[in-house]
Amino acid sequence: MFIFAATGSAVGLGNIWKFPWMVSESGGGAFVLIYISSVILIALPIMIAEVFIGRHGKQNPVASLQYLSKESSSFDVTEIDGDLNRIKTKKQQYSNSDDYSNWQLVGWGGIIAGIFILSFYSVIAGWTMSYILKAGSGAFNLIDLEGSKMIFANLVADPIKLMGWHTVFMILTCYIVAKGVKGGLEKAVKFLIPGLFLILIALALYSTTLNGFGDGMRYMFVPELSKISPSVVLSAIGMAFFSLSIGMGSLMVYGSYLSNESSIGEVTATVAFADTSVAILAGLIIFPIVFTYNLDPSTAGPGLIFETLPIAFGSMPGGSIIATLFFILLFFAAITSSISLIEPAISFLIERHSMSRAEASIKMGLLTWFLGIGTLLSFNLISDYKLLGMNFFGILDGLTSKIMLPLGGLLMAIFTGYIVKKKIVMDELRMGPIKFNFWLILIKYVAPIAVTLIFVRGLL
Ligand code: PFF
């Protein structure tokens, strides 16, 4: 069940909408190479740490971090029990244990990052919903690049339509969260993810028949090393965090449901593998289309998949049905991710402020909905209002993916590697000594040093 829930969280718009867009923004193969290396060397080790914190703490992220830091700051005192005349041990806190509770701030940062991400995620999920109807009505039949760009441009230029879809998506998300029907949804993931996978494989096969297939493959898999820069590396690391849903506590919440018998290393590796495969498949589909129709990938922007896929759907037999099915599956993938984005906030409000699930969902839903208005307007009415060259959506996206998630992940790595007692981690992970030590090197040295260096170089 954990694998389904965590895969449901990981596989979403990030893989299919954002990954190809980021690849195109950062110049192709160089980004893909760094992305895959970051998943293996940085993101997966931190994912293990995050799930570990959740499973050991068994509460919302803020409380789990507090609990673990307290536990690790205590030490055993052995004394003679006078009455019974035997040795007893008791736990005692270090006097400075209050300092350690600052770690709960990582949980707080995650809650805020989740709300920020969901606010724009919901707007993009709205595009997906609108495309279900367009696909179903045959709007993509024999469409060319101009036509496809026009459909997308008309959608994002209309704040009322965007607001409508954003509102519907937020209501659906909050309804599911309020009802707590996660169990049902997790079961649905069992069919949805394989369904999405199958349709992606079919589309990738279709892409092999296009003229631009060779160019697309070269673009994705032959890295131009000159394109590697600190900002490309930061974007790849941020994308890895975003795509695997790490650095903000979602996986801590899911980890708290993970049974003690499961191996954290195995389940997280499975999720990371599934997630990365979906992202790569999305690239295999999009880039041959891009090169077949002479689109300039470097100027594509967040509309990339919405402008390219309809052309492919429009020219294949049974395209309307396949397109409708595709956008329905993408919508479900988005909703299983959005639930996990809001869940850290919800579990915190329920446990700490004794709110009901319904009240917490409505309050957080309203807040997120309100924030989302900034994103939907940044494609039309306020598109010219920019800070550091970025509009409102760009700022939220950059702030979360390039700062908040990597920072959250960095702190989780330091927390697990240096603060938590090694014995607690070893007992919980139960890996063989070689695997455990390899993981420990990654979590204590490789991940923190890489993320810190990239922060310093990439942000300046
Ligand atoms: N991983 C999701 C995606 O790729 O679409 C987005 C996401 C979900 C990010 C949950 C972060 C998170 F906590």
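The values are calculated or read from the model by the stated rules, or taken from the named source; none is laboratory data. No experiment lies behind these values; they were computed from the predicted model shown. Cβ placement follows ideal geometry from the backbone for every residue including glycine, while neighbour counts extend to all protein chains displayed.
Can you tell me which of (1) part of a helix (DSSP H, G or I); (2) farther than 30 Å from Gly54 by Cβ; (3) among the β-branched types (Val, Ile, Thr) is the one Val425 doesn't meet? The failed condition is (2). Does segment 201-220 contain at least one residue that is of a type in the set (D, E, K, R) and at pLDDT below 90? Looking for residues that are of a type in the set (D, E, K, R) and at pLDDT below 90, one finds none in segment 201-220, hence no.
In this structure, does Leu205 turn out to be over 23 Å from the mean Cα position of the chain (by Cα), more than 16 Å from the ligand (Cβ to nearest atom) and over 30 Å from Arg357 (Cβ atoms)?
It is true that Leu205 is over 23 Å from the mean Cα position of the chain (by Cα), more than 16 Å from the ligand (Cβ to nearest atom) and over 30 Å from Arg357 (Cβ atoms).
The set of residues in segment 345-391 that are under 23 Å from the mean Cα position of the chain (by Cα), under 25 Å from Asn154 (Cα atoms) and surrounded by fewer than 22 Cβ atoms within 10 Å (Cβ to Cβ) comprises Trp369, Phe370, Leu371, Ile373, Gly374, Met390, Asn391.
What tally of residues in segment 216-257 results from selecting those that are within 16 Å of the ligand (Cβ to nearest atom) and surrounded by fewer than 22 Cβ atoms within 10 Å (Cβ to Cβ)?
Within segment 216-257, residues that are within 16 Å of the ligand (Cβ to nearest atom) and surrounded by fewer than 22 Cβ atoms within 10 Å (Cβ to Cβ) number 2.
Checked against (1) surrounded by fewer than 23 Cβ atoms within 10 Å (Cβ to Cβ); (2) assigned to a helix (DSSP H, G or I); (3) touching a Phe, Trp or Tyr at 6+ places or on another chain (Cβ under 9 Å); (4) not aromatic (Phe, Trp, Tyr), Leu325 passes all but a single condition, namely (3).
Hey, any hits in segment 106-113 for a residue that's of a type outside the set (Phe, Trp, Tyr), part of a helix (DSSP H, G or I) and surrounded by fewer than 19 Cβ atoms within 10 Å (Cβ to Cβ)? If you could, list the steps in order and put the result at the bottom.
First pass over segment 106-113, keeping only residues of a type outside the set (Phe, Trp, Tyr): 106-107, 109-113.
Add one more test, that the residue is part of a helix (DSSP H, G or I), and what stays is 106-107, 109-113.
Filter again for surrounded by fewer than 19 Cβ atoms within 10 Å (Cβ to Cβ), leaving 112.
Yes: segment 106-113 contains one or more residues that are of a type outside the set (Phe, Trp, Tyr), part of a helix (DSSP H, G or I) and surrounded by fewer than 19 Cβ atoms within 10 Å (Cβ to Cβ).
Of the helices (runs of 4 or more DSSP H) lying entirely inside segment 1-59, those containing at least 1 residues that are away from the ligand (no atom under 16 Å from the Cβ) are 19-25, 29-38, 44-57.
Among the residues making up segment 352-382, those that are in contact with a helix residue (DSSP H, G or I) (Cβ under 8 Å, 6 or more places away or on another chain) and of a type in the set (Gly, Ala, Ser) are Ser356, Ala358, Ala360, Ser361, Gly365, Gly372, Gly374, Ser378.
I need the full set of residues from segment 115-158 which are small (Gly, Ala, Ser) and in contact with a helix residue (DSSP H, G or I) (Cβ under 6 Å, 6 or more places away or on another chain), in order please. So that I can check it myself, show each step before the final result.
At the first step, the residues of segment 115-158 found to be small (Gly, Ala, Ser) are 119, 122, 125-126, 130, 135-139, 147-148, 153, 157.
If the condition is that a residue be small (Gly, Ala, Ser) and in contact with a helix residue (DSSP H, G or I) (Cβ under 6 Å, 6 or more places away or on another chain), then Ser119, Ser122, Ala125, Gly126, Ser130, Ala135, Gly136, Gly138, Ser148 are the ones that fit.
Just to be sure, is Ile124 within 16 Å of the ligand (Cβ to nearest atom), in a helix (DSSP H, G or I) and at pLDDT below 95?
On the way: within 16 Å of the ligand (Cβ to nearest atom): yes; in a helix (DSSP H, G or I): yes; at pLDDT below 95: no.
Criteria not met by Ile124.
If you go through segment 421-442 and keep only what is buried (at least 21 other Cβ atoms within 10 Å of the Cβ) and either within 20 Å of Gln104 (Cβ to Cβ) or within 16 Å of the ligand (Cβ to nearest atom) (or both), you end up with just Val425. If the condition is being surrounded by fewer than 16 Cβ atoms within 10 Å (Cβ to Cβ) and touching a residue at least 40 places away in the same chain (Cβ under 8 Å), then segment 198-213 contributes Ile201, Ala202, Thr208, Asn211. For Ser361, the stated conditions do not hold, so it cannot be described as among the small types (Gly, Ala, Ser), assigned to a helix (DSSP H, G or I) and under 30 Å from Leu200 (Cβ atoms). Within segment 329-358, the set of residues being assigned to a helix (DSSP H, G or I), away from the ligand (no atom under 16 Å from the Cβ) and either farther than 21 Å from Gln66 by Cβ or among the polar types (S, T, N, Q) (or both) comprises Arg357, Ala358.
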